[in-house]
Structure formats: structure tokens, C-alpha cells
Amino acid sequence: MTRFAAFLPLLLLTLPAFAAEPLAPPGAPAERFAKPDRPVAEIVAPQWAHERERDRADEVGQVARLMRIAPGETVADIGAGSGYYVFRLSPRVGSQGRILAQDIAPDYLADLERRVAESGLSNVTVVRGEAHDPRLPPGSVDAAVLVHMYHEIAQPFGLLWNLAAAMKPGGRVGIVDADAIPSRHGTPPKLLRCELAAVGYREVSLTRLKGGVGYLAVFEAPAPDRRPVPEAIRPCRDEATRKGG
């Protein structure tokens, strides 16, 4: 490895927040992965619910405590949308930490870039990813959150496989979702567990969050060399949808 390559992840993480570009070369392409055996919900809004209701339930606080998000860590918000988690996790990780606000929707990214710039947050980088690949630097992320959007991922196996490469050893991935079928904007925990396990993720915990904001499932990402070959990943049968929810 050249000296430049060794320092590339650190260099990329210092890019200004208004540069909504990928932070890493492409990973495995989407066509190498099987499609999920479930509906994929349409992306309908940059945020899941009104901020006041989520603040009242202390949604971000619950998630941050359960995931042990600490000062100095790098946290990736995959599908950041309006930035609800971005602006609340930024002070938690502090000036020595980093928030990678990743999304794929150009309108969401543009609005998020503007709001980050106006807020003057120096520890937030807005990142443009792909539906199957977050395009984050390898080995750079302590924790990643996917909040009320897992059911909208068209290629979950590709996203999870490529995300694993961006995680530090022992990196935690937290998924917040509703216990409902995908067409009703949720993911049944049994189906979620199966899809994550298919890519080599190890379940750490599953907690029903207070305030009616869904559940949090925490997984440990596999080391890059412990991931299955993309073509060997098999989709999980979506029994809940077949039974009518």
C-alpha cells in the first residue's frame, strides 16, 4: 500500500460538508446480488415523522445510548434524509468525531448540504451514495444507523455487503424500523434478522423503543474477508407479506 493510499480515508473525511460526492470508489455492483424476496417501499419523504413527536420520545437519545455512540466516533447516517439524526448526533460525537450524512436522493442531499452549511457544523460531511453501496471509505466507521428506511432499500444485500467494508473492526450497525410488512413501511424483525445474517452480520440486540417509534436492531458487521461471496447470498422468504401482514 502506498503512503497516499494509507492516508486516503483520513483525507476524504476532511472534505467540506458541501461536497456531496462519494467518499470511496465503487464496491461490488448491484447485479452481483440476488434481489430481495419482498416488496420495496417507495421513498415518500425525507423524514419518517414530525420532529416534535420524535423528540418527545427521545428517539435519538434511546438509539445513541443503546448503540453506545460516544465522543470521538465516526457515525454514518445511511439514508440521512432531512438530517434528523445528523443534527442530534453531531454534538454527541463532538469536535473529534464525525458524522457522515449519506443519501442517494439529489433533492435531499442539496437541502441537507444547505442546512449543514447554515448551522456551521464542522464535523458533518454530506455524502452521495448509491442504492446498493454507501460509498464510504474502508475501515472508517465506528457505527452506522439506518433509520426508518431499510424497507426502502432496493438492493439490501449489496448495501449491507458494501457497508461492511466501511466499518471498523467490531463496528455496530443499528436499524430502526416499524414491525410491519415492507409495503406498509416496516420490516418484520424475523425477515430483518434473516437478511442481515445472509450477509454475515451478527445480531447483538433488538429493543422495542419507547414512545411508539419502532424497534432498534443492532448488529455487528462482518470483517470484509468474512463476508460471503455475493453470488452465494440467498434471499429470505417474506412470510409476513405472503400472510397478508
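Quick look at the numbers
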item: Residue among 225, 142, 179 that alone is open to solvent by 50 Å² or more (accessible area, probe 1.4 Å) and touching a Ser or Thr at 6+ places or on another chain (Cβ under 9 Å); result: 179
item: Residue check, residue 172 in a strand (DSSP E or B), open to solvent by 30 Å² or more (accessible area, probe 1.4 Å), within 18 Å of residue 77 (Cα to Cα) and modelled with pLDDT of 95 or more; result: yes
item: Failed item in (1) over 19 Å from the mean Cα position of the chain (by Cα); (2) open to solvent by 50 Å² or more (accessible area, probe 1.4 Å); (3) more than 17 Å from residue 169 (Cα to Cα), with residue 230 passing the rest; result: (2)
item: Members of the range 67-86 that are touching a strand residue (DSSP E or B) at 6+ places or on another chain (Cβ under 7 Å) and of a type in the set (Gly, Ala, Ser); result: 76, 79, 80, 81, 83
item: Output for the range 183-217, where each listed residue is under 17 Å from the mean Cα position of the chain (by Cα), closer than 22 Å to residue 161 by Cα and open to solvent by less than 20 Å² (accessible area, probe 1.4 Å); result: 186, 187, 189, 192, 195, 196, 199, 201, 216, 217
item: Failed item in (1) on the phi > 0 side of the Ramachandran plot; (2) open to solvent by 10 Å² or more (accessible area, probe 1.4 Å); (3) under 15 Å from the mean Cα position of the chain (by Cα), with residue 128 passing the rest; result: (1)
item: Failed condition for residue 70, given (1) under 14 Å from the mean Cα position of the chain (by Cα); (2) open to solvent by 20 Å² or more (accessible area, probe 1.4 Å); (3) under 21 Å from residue 203 (Cα atoms); result: (1)
item: Residue that is among the charged types (D, E, K, R), closer than 27 Å to residue 230 by Cβ, surrounded by 12 or more Cβ atoms within 10 Å (Cβ to Cβ) and at pLDDT below 95, where the choices are 54, 38; result: 38
item: Hey, residue 174 in contact (Cβ under 8 Å) with a residue 12 or more places away in the chain, in contact with a Leu (Cβ under 7 Å, 6 or more places away or on another chain) and within 27 Å of residue 234 (Cα to Cα) or not; result: yes
item: Where a residue in the range 92-113 is over 13 Å from residue 81 (Cβ atoms) and of a type outside the set (Gly, Ala, Ser) and its partner, wherever it lies, is assigned to a helix (DSSP H, G or I) and open to solvent by less than 50 Å² (accessible area, probe 1.4 Å), with Cβ under 8 Å and at least six apart; result: 92/64; 98/13; 99/86; 99/89; 99/90; 99/93; 100/13
item: Checklist (1) under 17 Å from the mean Cα position of the chain (by Cα); (2) in a loop (DSSP other than H, G, I, E, B); (3) under 30 Å from residue 21 (Cβ atoms) applied to residue 143, failing item; result: (2)
item: One residue from 96, 62, 102 being polar (S, T, N, Q) and crowded, with 23+ Cβ neighbours inside 10 Å; result: 102
item: Among (1) in a helix (DSSP H, G or I); (2) touching a helix residue (DSSP H, G or I) at 6+ places or on another chain (Cβ under 8 Å); (3) among the polar types (S, T, N, Q), the one test that residue 187 misses; result: (1)
item: From 138, 228, residue being at pLDDT 95 or above and closer than 24 Å to residue 93 by Cβ; result: 138
item: Among (1) under 24 Å from residue 222 (Cβ atoms); (2) not in a helix (DSSP H, G or I), the one test that residue 151 misses; result: (2)
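The values are calculated or read from the model by the stated rules, or taken from the named source; none is laboratory data. Treat the numbers as computed from the prediction; the structure is a model and nothing was measured. Note that we place each Cβ from the backbone using ideal geometry, even for glycine, and neighbour counts take in every protein chain shown. Accessible surface areas use protein heavy atoms only, side chains included; no ligands, DNA or RNA. Shrake-Rupley method; radii C 1.70, N 1.55, O 1.52, S 1.80 Å.
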